[in-house]
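Undergrad: The structure that follows is given in the form of structure tokens.
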Amino acid sequence: MNSLLENVARVAAIGVGATATMDLWLLLLQRLGVPTLNFAMIGRWVGHWRSGVFAHDAIAAARPVRGELAIGWLIHYATGIAFATLLISVVGMAWTEAPTAAPALGIGLVTVLAPWLVMQPAMGAGIASARTKSPAQNRVRSLANHAIFGLGLYLAAFVIAHAITLFNTH
């Protein structure tokens, strides 16, 4: 039986691994000339919360916030851990010992609702990028990014489960 601390560490590692998988995907897209999210804008959005400002007409036009890039990356990884926690709360901790792809991909796709319904409207892009120059393209890109995140949930859980098995057999 795993301790609570071991379970928390495993879920956090799955979230970090999934987020890193998404980041590798975003890096590939950037190298191919595809625009991706600027994490400083997430930091700027969150940074304005302490002033009571939760929504912007255009986040890029909002006053910059000290440390916004670092804040953005921190929020990005904390969100990945939160989404991994969501997955485990739905499928149970036993899934981490023998992970399967379907629940991870399903949760990954469901998580696209967060940017579509919260982040994008609050940052001035409208619901599901409706106020952008190419909403359909942005929606497809968001779905792909979150599918990759879901794949990352599975891959991270798989690698961690096998690493623990190897460690425990030696």
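Undergrad: Give the residue that is farthest from GLN137 (Cα to Cα), with candidates limited to residues of region 47-73 that are among the hydrophobic types (A, V, I, L, M, F, W, C) and buried (at least 18 other Cβ atoms within 10 Å of the Cβ). It would help to see each step written out before you state the result.
TA: Narrowing region 47-73 to residues among the hydrophobic types (A, V, I, L, M, F, W, C): 49, 53-55, 58-62, 65, 69-71, 73.
Going one step further and asking which of them are buried (at least 18 other Cβ atoms within 10 Å of the Cβ), we end up with 59, 62, 65, 71.
Numbers: ILE59: 20, ALA62: 25, VAL65: 29, ILE71: 27 Å.
In this case the residue turns out to be VAL65.
Undergrad: When you scan region 121-138, how many residues do you find that are among the aliphatic types (A, V, I, L, M) and open to solvent by 30 Å² or more (accessible area, probe 1.4 Å)?
TA: Taking region 121-138 first, the residues among the aliphatic types (A, V, I, L, M) are 122-123, 125, 127-128, 130, 136.
Filter once more, keeping what is open to solvent by 30 Å² or more (accessible area, probe 1.4 Å): 127, 130, 136.
The qualifying residues number 3.
Undergrad: Restricting attention to region 145-170, which residues are more than 20 Å from SER89 (Cβ to Cβ), under 14 Å from the mean Cα position of the chain (by Cα) and touching a residue at least 60 places away in the same chain (Cβ under 8 Å)?
TA: Once the filter is applied, which keeps residues that are more than 20 Å from SER89 (Cβ to Cβ), under 14 Å from the mean Cα position of the chain (by Cα) and touching a residue at least 60 places away in the same chain (Cβ under 8 Å), region 145-170 yields ASN145, ILE148.
Undergrad: Before we move on, is ARG141 open to solvent by 30 Å² or more (accessible area, probe 1.4 Å) and touching a residue at least 12 places away in the same chain (Cβ under 8 Å)? I'd like the intermediate steps shown before the answer.
TA: Working: open to solvent by 30 Å² or more (accessible area, probe 1.4 Å): yes; touching a residue at least 12 places away in the same chain (Cβ under 8 Å): yes.
Spelling it out, ARG141 is indeed open to solvent by 30 Å² or more (accessible area, probe 1.4 Å) and touching a residue at least 12 places away in the same chain (Cβ under 8 Å).
Undergrad: Only residues that are modelled with pLDDT under 95 and under 14 Å from the mean Cα position of the chain (by Cα): list them for region 2-39, please.
TA: Residues satisfying the conditions are THR36, LEU37, ASN38.
Undergrad: Go through (1) out of contact with any Phe, Trp or Tyr (no Cβ under 9 Å at 6 or more places or on another chain); (2) at pLDDT 95 or above and name the single condition GLU68 misses.
TA: That leaves (1) as the condition not met.
Undergrad: Next up: Got a sec? Which of LEU32, LEU86 is open to solvent by 60 Å² or more (accessible area, probe 1.4 Å) and in contact (Cβ under 8 Å) with a residue 24 or more places away in the chain?
TA: Being open to solvent by 60 Å² or more (accessible area, probe 1.4 Å) and in contact (Cβ under 8 Å) with a residue 24 or more places away in the chain holds for just one of LEU32, LEU86, which is LEU86.
Undergrad: Still on this model: Within region 2-22, count every residue that is without any contact (Cβ under 8 Å) to a residue 40 or more places away in the chain and either open to solvent by less than 40 Å² (accessible area, probe 1.4 Å) or touching a Leu at 6+ places or on another chain (Cβ under 7 Å) (or both).
TA: Applying the first criterion (without any contact (Cβ under 8 Å) to a residue 40 or more places away in the chain) to region 2-22 yields 3-6, 8-9.
Right, trim to either open to solvent by less than 40 Å² (accessible area, probe 1.4 Å) or touching a Leu at 6+ places or on another chain (Cβ under 7 Å) (or both) and you get none.
Of the residues in that region, 0 qualify.
Undergrad: Here are some conditions: (1) surrounded by fewer than 18 Cβ atoms within 10 Å (Cβ to Cβ); (2) among the polar types (S, T, N, Q); (3) within 18 Å of THR36 (Cα to Cα). THR111 meets all but one. Which one does it not meet?
TA: Checking THR111 against (1) surrounded by fewer than 18 Cβ atoms within 10 Å (Cβ to Cβ); (2) among the polar types (S, T, N, Q); (3) within 18 Å of THR36 (Cα to Cα), the one that fails is (1).
Undergrad: Another one. Which condition breaks for ALA78 when tested against (1) buried (at least 18 other Cβ atoms within 10 Å of the Cβ); (2) in a helix (DSSP H, G or I)?
TA: Result: ALA78 fails condition (1) only.
Undergrad: Please go through region 144-170 and pick out each residue that is out of contact with any helix residue (DSSP H, G or I) (no Cβ under 8 Å at 6 or more places or on another chain) and surrounded by 17 or more Cβ atoms within 10 Å (Cβ to Cβ).
TA: Answer for region 144-170, where residues must be out of contact with any helix residue (DSSP H, G or I) (no Cβ under 8 Å at 6 or more places or on another chain) and surrounded by 17 or more Cβ atoms within 10 Å (Cβ to Cβ): just PHE158.
The values are calculated or read from the model by the stated rules, or taken from the named source; none is laboratory data. Computed from a predicted model, the values in this text were never measured in an experiment. Note that we place each Cβ from the backbone using ideal geometry, even for glycine, and neighbour counts take in every protein chain shown. With ligands, DNA and RNA removed, areas are computed over all heavy atoms of the protein, side chains included. Shrake-Rupley method; radii C 1.70, N 1.55, O 1.52, S 1.80 Å.
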